[in-house]
1. Looking only at the stretch 129-160, which residues are closer than 22 Å to residue 42 by Cβ and out of contact with any Ser or Thr (no Cβ under 6 Å at 6 or more places or on another chain)?
2. For the stretch 257-273, enumerate the residues that are in a loop (DSSP other than H, G, I, E, B), closer than 21 Å to residue 353 by Cβ and touching a helix residue (DSSP H, G or I) at 6+ places or on another chain (Cβ under 8 Å).
3. Taking the condition of being of a type in the set (A, V, I, L, M), in a loop (DSSP other than H, G, I, E, B) and closer than 30 Å to residue 78 by Cβ, how many residues in the stretch 230-256 meet it?
4. Examine the stretch 410-423 for a residue that is of a type in the set (A, V, I, L, M) and closer than 29 Å to residue 130 by Cα, and state whether such a residue exists.
5. Looking only at the stretch 131-170, which residues are in a loop (DSSP other than H, G, I, E, B) and under 19 Å from residue 355 (Cβ atoms)?
6. When the residues of the stretch 303-344 are narrowed to those that are of a type in the set (Phe, Trp, Tyr) and either touching a helix residue (DSSP H, G or I) at 6+ places or on another chain (Cβ under 9 Å) or surrounded by fewer than 21 Cβ atoms within 10 Å (Cβ to Cβ) (or both), which ends up farthest from residue 80 (Cα to Cα)?
7. When you look at residue 333, is it more than 30 Å from residue 503 (Cβ to Cβ), not in a loop (DSSP other than H, G, I, E, B) and not β-branched (Val, Ile, Thr), yes or no?
8. In the stretch 481-498, which residue that is charged (D, E, K, R) and closer than 19 Å to residue 229 by Cα is surrounded by the most Cβ atoms within 10 Å (Cβ to Cβ)?
Amino acid sequence: MRPSLLELPRFRCTLRLLALALLLCGAACQTALAAGGGQLVLSVAGTDGKPLTCRMHLSTAAGRPRKPDAKTPYYHDHFVVPGSITLRLPPGQYVFELDRGPEYVTREGHFTINNFADDTKQVELKRCVDMAEEGWYSGDLFVRRPARDIELLMAAEDLHLAELVTWWNDQSDWGTQPPPKDRLLRFADNRCCYVMAGGQARSGTTLLAFNLQKPWRLAGEFPCWPKLLKELREIEPLWVDLSAPFWWDLPLLVAHGQADSIQVAHSHLHRTGIVGNEADGRPRDRQRYPDPPGNAQWSQFIYFQLLESGLRIPPTAGSGSGMAPNPVGYNRAYVHCGREFSYENWFKNLKAGRVCVTNGPLLRPTVSGELPGHVFQAPQGSHLEFEIGLTLSTREPISYLELIKDGQVEQSVRFDDYARTGKLPKLQFDRSGWFLVRAVTDLPKTYRFAMTGPYFVEVGYEPRISKRAVQFFVDWVYERARQIKLDDSAAQRELVEYHRQARDFWQLQLSRANAP
């Protein structure tokens, strides 16, 4: 929970003390005086007294964001406080928020700057959870900020891994300066950033590419995704992350095995709101999924249909910071690496499904001592019962926890009941399926949530494949294929052929369906 408002001391200099104030102030203070106003030197430390790098939102009493004149990374409505910062400000009242990601208690407050004010104040940020100490390491798979700032930005959010998008379509940030020889930057405190991540946006689809040594440069809609990505995988250890589930080519890419992960907590989810459309993607039924949470709910529904189709693609998260107004790490994925954190181990465990995604609450689940991604198997005719162990931390109010089974809310548990007993209802299976835990906060203007990766159950040693879910993608493939209209007839035929192959994949899954 957030503490009560912190009011920094107010300072007034009378005319009788003006000469003394000018004498004691340095050149920086004299600049502030000449312009009118004053300054506050703000220091931030942890409970151990050591300086902490963090993020600050500073605005006037009227709510207008205020950019400091200090040389520090600034974006949209926030900036980095690298342990301490000198704020030279015009006279007036200011409100602020100090944050360091979801593992720290947020500090809020207000202060007044009067003419000739000159003060120093230290604020303490308290860590409420240490996810890394429990083996969970955070990552943001969509960051579009300057490479020179990334170390500070990651420290300010207590983020362990970042994919820095430095090229987009045929535009590259490395035009005037060469990228570092080692594309993977490693910083202190178990932090690393891959600086050659890139994005490709075509009509109807945006995907993110990791682990490449250089950008790929394409023009137009050809070659088609499956052909291009297959060729790239033969050269480099490519990882493809879909930046949202609703892109038109999702069933095509999945059918051809070209989607390594999918962002369920994606850049449409903002700190103060939600993008209310699926531009260039498959639109949702707005009556079923109304704003404001509709985009997020539609994204989860699509992801659940993939799980219902017998596919096991891990969920991920990306802030889109630099393109979306989010801070770095606002949407993040926590991957369980145990005591062996490294870039390679993080992705290895992500592939295994040992992941939780969040932009708020923090979940640490275990089921029979197993992490998300685990497959429980039993002979046909078995009856299985699972007790979900869950540790949850949240800074925002939550009314309910939800147990999702086979794409539906199986149990909705009042948070007060869970907090009192520390237990969740047991889940029972007598046929194959899957389950996960979701927590959604009570914030009305945005969708702030956490979701575990799925656990899988195979009764009879076969995965659940829902006929209804597979048909959802069969219809999707046909709808997408009808949109293809290329001027080059040979390219048109080749692209249509890849869609036919995707159709055949989904038709085969349909023939294997063992659930409604």
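1. 149, 151, 152, 153, 154, 157, 158
2. Residues of the stretch 257-273 in a loop (DSSP other than H, G, I, E, B): 257-260, 266-268, 270-273.
Restricting the remaining residues to those that are closer than 21 Å to residue 353 by Cβ gives 257-260, 266.
Selection gives 258, 259, 260, 266.
3. Step one: of the stretch 230-256, the residues of a type in the set (A, V, I, L, M) are 232, 235, 238, 240, 242, 244, 250, 252-255.
Cutting the leftovers down to in a loop (DSSP other than H, G, I, E, B) gives us 235, 238, 244.
Remaining after also requiring closer than 30 Å to residue 78 by Cβ: 244.
So the count comes out to 1.
4. Yes.
5. 131, 135, 158, 159, 160
6. We begin by selecting, within the stretch 303-344, every residue of a type in the set (Phe, Trp, Tyr); these are 303-304, 330, 334, 341, 343.
Still in the running and either touching a helix residue (DSSP H, G or I) at 6+ places or on another chain (Cβ under 9 Å) or surrounded by fewer than 21 Cβ atoms within 10 Å (Cβ to Cβ) (or both): 304, 330, 341, 343.
Values: 304: 37, 330: 14, 341: 25, 343: 25 Å.
The extreme case among them is 304.
7. Criteria met by residue 333.
8. Here is the first cut: in the stretch 481-498, the ones charged (D, E, K, R) are 482, 485, 487-488, 493-494, 497.
Filter again for closer than 19 Å to residue 229 by Cα, leaving 493-494, 497.
Values: 493: 10, 494: 15, 497: 12.
So, considering only residues that are charged (D, E, K, R) and closer than 19 Å to residue 229 by Cα, the one surrounded by the most Cβ atoms within 10 Å (Cβ to Cβ) is 494.
The values are calculated or read from the model by the stated rules, or taken from the named source; none is laboratory data. Given the structure is predicted, the values throughout are model-derived calculations rather than measurements. Note: ideal-geometry Cβ built from the backbone for every residue, glycine included; neighbour counts use all protein chains shown.
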